[in-house]
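This report concerns only the one structure given below.
The values are calculated or read from the model by the stated rules, or taken from the named source; none is laboratory data. All figures in this text were calculated on a predicted structure; none of them were measured in a lab. Cβ sites come from the backbone with ideal geometry, for glycine too, and all protein chains shown count toward neighbours.
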Amino acid sequence: MQVSMVAIGVAASGWLIGIVTGSLSAFSEVSHGLFFIIFSLCAIAAAIRMVVHARPIYCALYFVLVVISTAGLLLMLEAEFMAFALIIVYAGAILITYMFVLMLANQAENPEEPYSQAIYDRIPREPAAAVAVGFLLLCLLTGTVTGGASSLPPEGDGASQWYVLEKLSQQFETNVLEIAPDFAWPPISEGGHFIQFSSSGPYIVSGEGTVLELDEVMLPTNTQMVGWSLVNDFPVTIELAGVILLMAMFGAAVLARRAIELTEKEKRKVILGHDSEEVGDDR
Amino acid sequence: MMTTFAPSALSGYLIVSGILLTIGLIGFFVRRNLIVMFLCTELMFQSAAIAFVAVGRYYFDYSGQVMVIFILTVAAAEAALALALVVLLHRQNNTLDAETIVELKE
């Protein structure tokens, strides 16, 4: 039994490493692929360890490792803002809440054995059914991903990023005048856009007819693009997110409120509005 | 700088995201500690974040990263509410075992 389990585990990890290294050739730079493998294997290993660890505190700590690896993957995807926001908010705030509750709730059940684990942390619930469901889900997901990758719609060309730069008119003008101080601002608008595209890249044409090639350094930063997308494309959703947070705050406050048990004397004081001593003993 | 992103690189990220999702789901089924079960849902949130950002990166679309902001919001709200519930249940039953909580009334 043990041997077959280990064999299945080794085969699964071999398949995993194979499928992850198989995508290595897809990356334009070798270092990118290398970091992808390091971060993804780190995330998967920490996630497995988190699910199987008997001590909840260590589960939370392994989840911090998963968050950090995920942030590394997001860095590889050039999402710098989200990577650091993930570390700050997840590893810094949410996980601290979990640690607090774990410390609050996780007292030793048995005073004679203070370091023993509770029975519900040691015995799993329905492991076979869970693994079967997980296997099916993973089959479906990998099948869809590997089968569908060839028939994806074409990737974006990045033109939308340049159109965001157009809307940040102040930054656009400063950037252009920095590399070409004698450029006659503003450029000619054609088809609703200042920036035109040729085979060699984006360019703008001034009113005097001079053509200026734009460099990619001039593009808005990742944080600017995310902020633009957030307030331009999802204005209602961000309001709803605020409402969700407010409701969660109310809910948590209501749930965590402890009902205070009043003594007879205190109840009388509340009802009568003054100290019961002055009422006297009319009983 | 933004360079193009091969579809097979995208599928690598999506497979990692799928594996994390599956591990989180298995953990949610297998564990009996309420707090660890909620941690497993957070793991599933993480995998969704990877998938969103990877697909957004492929199309040069920043909506994927905006979705991660909303994932963070929902995760924070969920953590606050779920942990308040867990503290309440622990105070009542003195256990974190999900099996003992068969009815959610006072």
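A few remarks follow.
- In region A:165-283, counting only helices (runs of 4 or more DSSP H) that sit wholly within it, the ones holding 1 or more residues that are within 14 Å of chain B (Cβ to nearest Cβ) and at pLDDT 75 or above span A:222-233, A:235-256.
- Against the conditions (1) in contact (Cβ under 8 Å) with a residue 60 or more places away in the chain; (2) under 30 Å from B:Asp97 (Cβ atoms); (3) within 7 Å of another protein chain (Cβ to nearest Cβ), A:Glu78 satisfies every one except (2).
Residue-by-condition table, conditions (1) modelled with pLDDT under 90; (2) charged (D, E, K, R); (3) in a helix (DSSP H, G or I):
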residue	(1), (2), (3)
A:Val51	no, no, yes
A:Phe63	no, no, yes
A:Phe84	no, no, yes
A:Leu102	yes, no, yes
A:Ala108	yes, no, no
A:Pro111	yes, no, no
A:Gln117	yes, no, no
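- Residue list for region A:120-147, restricted to those being more than 24 Å from the chain's Cα centre (by Cα) and small (Gly, Ala, Ser): A:Ala128, A:Ala129, A:Ala130, A:Ala132, A:Gly143, A:Gly147
- Residue count for region A:58-74, restricted to those that are at the interface with another protein chain (Cβ under 10 Å from one of its Cβ atoms), among the aliphatic types (A, V, I, L, M) and more than 12 Å from the chain's Cα centre (by Cα): 1.
- Just one of the numbered conditions (1) free of Cβ contacts under 8 Å to residues at least 24 places away in the same chain; (2) facing chain A (nearest Cβ under 7 Å) is not true of B:Gly64: (2).
- Of all residues in region A:59-70, those that are touching a residue at least 40 places away in the same chain (Cβ under 8 Å) have Cβ atoms under 8 Å from Cβ atoms of residues that are surrounded by fewer than 21 Cβ atoms within 10 Å (Cβ to Cβ) and not basic (Lys, Arg), 6 or more apart or on another chain, in A:Ala60/A:Leu95; A:Ala60/A:Met99.
- Output for region B:44-57, where each listed residue is facing another protein chain (nearest Cβ under 7 Å) and either surrounded by fewer than 23 Cβ atoms within 10 Å (Cβ to Cβ) or at pLDDT 90 or above (or both): B:Gln46, B:Ala49, B:Ile50, B:Val53, B:Ala54
- Total residues in region A:31-45 satisfying the condition of being within 22 Å of A:Gly9 (Cβ to Cβ) and buried (at least 23 other Cβ atoms within 10 Å of the Cβ): the figure is 2.
- Checked against (1) touching a residue at least 12 places away in the same chain (Cβ under 8 Å); (2) at the interface with chain A (Cβ under 7 Å from one of its Cβ atoms), B:Phe38 passes all but a single condition, namely (2).
- Residues of region A:119-134 classified as in contact with a helix residue (DSSP H, G or I) (Cβ under 8 Å, 6 or more places away or on another chain) and assigned to a helix (DSSP H, G or I), total: 8
- Only one of the numbered conditions (1) crowded, with 20+ Cβ neighbours inside 10 Å; (2) on the phi > 0 side of the Ramachandran plot is violated by B:Asn94, and that is (1).
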